[in-house]
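The structure appears right after this line, and notes come after that.
The values are calculated or read from the model by the stated rules, or taken from the named source; none is laboratory data. Every value quoted in this text rests on a predicted model; they were computed, and no experiment measured them. When we count neighbours, we look across all protein chains shown, and the Cβ atoms used for this are built from the backbone with ideal geometry, even at glycine.
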């Protein structure tokens, strides 16, 4: 006797994702703190985004981003002000 479609066993198509983490979705995201030169607000930016902006930069040239609060210029905040 043939089973009806509603009686067939449903297979989870995403079951293969449960064991390993092939895409790195469970990896922690490294955040880099940026500070705006105008409004002085801080914003945490994922390191992989900063890597995308470094493609066309010269070695040692700082990455600058646009402030999401005031559209000013943001630079990476340093832990030590003498850096």
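Which fully enclosed strands (runs of 3 or more DSSP E) of region 24-83 have 3 or more residues being free of Cβ contacts under 8 Å to residues at least 24 places away in the same chain?
Working: elements: 31-36, 42-46, 73-76.
Because the criterion is at least 3 residues that are free of Cβ contacts under 8 Å to residues at least 24 places away in the same chain, the strands (runs of 3 or more DSSP E) in region 24-83 that meet it are 42-46.
Specify which of the listed residues (60, 19) is modelled with pLDDT under 95, loosely packed, with under 10 Cβ neighbours inside 10 Å, on the phi > 0 side of the Ramachandran plot and over 12 Å from the mean Cα position of the chain (by Cα). Break it down stepwise before answering.
Numbers: 19 fails: on the phi > 0 side of the Ramachandran plot.
None of the others qualify; the one that does is 60.
If you go through region 17-65 one residue at a time, how many are touching a helix residue (DSSP H, G or I) at 6+ places or on another chain (Cβ under 9 Å) and farther than 17 Å from residue 79 by Cβ?
6
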